[in-house]
Amino acid sequence: MTIFDLGDSAVRELNQALHQSETQGADLRVTNPGGKHNVATGADVECNVTIEGHVGYYCAGMNKSANIVVTGNAGPGLAENMMSGSVRIKGNASQYCGATAHGGLLVIEGDAAARCGISMKGIDIVVGGSIGHMSAFMAQSGRMVVCGDAGEALGDSIYEARIYLRGEAKSLGTDCIEKPMEDEHKAELAELLEQAGIDHSVDEFRRYGSARQLYNFQIDNVSAY
């Protein structure tokens, strides 16, 4: 196992290693992150990274193939524009985690703050706790699972992403509605919960998605724009 002590070495050294072919398949341990920003960003090889402690802004951004675990909390922009691989936060995540992400699995075992998954483009996000306001705003594709509650304007201006919510939403955003839970939805939800290591019955969740009223401008819907 390769150890990077961020108390002594620069974050850039860690991130450079995550671009090198020699790191393929390796196990990396990151100690003393101290809330530093941009930890483990731009990982371009398949490897396992364990970060022992709290991280600041943009941890695991643009992740490609790596499996990253943070044992503490994460600041804003976690896994932004993530492409593949997995990111798991043992604590809580700040605002706009998973923003614009195209793929992979993001698991937050605690709570996530405002704008979780905004403009998500294919990522799967599983939150063990609750999420803040304006989450899944303009979410284009992918799945979001929330085991707690959601703040105001959930799924505002959503496209074809699917939201599974176990608790209550303070309010739904424009063009976001509750939809039926068919067998196919229960099956994909069960798979996501299993991947995240979270044990809840799929029957406790409701599904939300787009009413598809804002795809094209209609004068009758002008007040909703």
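The values are calculated or read from the model by the stated rules, or taken from the named source; none is laboratory data. Given the structure is predicted, the values throughout are model-derived calculations rather than measurements. Don't worry about glycine lacking a Cβ; one is built from the backbone with ideal geometry, like all the others, and counts go over all protein chains shown.
Here are a few things to note about the model shown:
- The one condition in (1) in contact with a His (Cβ under 8 Å, 6 or more places away or on another chain); (2) β-branched (Val, Ile, Thr); (3) under 22 Å from SER210 (Cα atoms) that VAL45 fails to fulfil: (3)
- Taken over segment 173-187, the criterion of being modelled with pLDDT of 95 or more and not acidic (Asp, Glu) is satisfied by GLY173, CYS176, ILE177, LYS179, PRO180, MET181, HIS185, LYS186, ALA187.
- Residue list for segment 57-75, restricted to those being assigned to a loop (DSSP other than H, G, I, E, B), at pLDDT 95 or above, closer than 19 Å to ARG12 by Cα and out of contact with any Pro (no Cβ under 8 Å at 6 or more places or on another chain): CYS59, ALA60, GLY61, MET62, ASN63, ALA66, GLY75
- Note on segment 89-107: residues that are surrounded by fewer than 20 Cβ atoms within 10 Å (Cβ to Cβ) and in a strand (DSSP E or B) total 0.
- Qualifying residue in segment 126-133 (condition: in a strand (DSSP E or B) and either charged (D, E, K, R) or farther than 19 Å from GLU204 by Cα (or both)): no
- Test result for ALA113, surrounded by fewer than 24 Cβ atoms within 10 Å (Cβ to Cβ), within 20 Å of ARG166 (Cα to Cα) and aliphatic (A, V, I, L, M): yes
- Each residue in segment 135-156 was checked for being surrounded by fewer than 23 Cβ atoms within 10 Å (Cβ to Cβ) and either closer than 17 Å to PRO76 by Cβ or without any contact (Cβ under 8 Å) to a residue 24 or more places away in the chain (or both), and 8 of them qualify.
- Here GLY122 fulfils each of the conditions (1) part of a loop (DSSP other than H, G, I, E, B); (2) among the small types (Gly, Ala, Ser); (3) out of contact with any Asp or Glu (no Cβ under 7 Å at 6 or more places or on another chain); (4) under 27 Å from GLU160 (Cα atoms) apart from (1).
- Flag if ASP203 is out of contact with any strand residue (DSSP E or B) (no Cβ under 7 Å at 6 or more places or on another chain), assigned to a loop (DSSP other than H, G, I, E, B), of a type in the set (Asp, Glu) and more than 21 Å from GLY98 (Cα to Cα): no
- Matching entry among GLY122, GLY61, GLY85, GLY75 (being surrounded by fewer than 20 Cβ atoms within 10 Å (Cβ to Cβ) and more than 10 Å from the chain's Cα centre (by Cα)): GLY122
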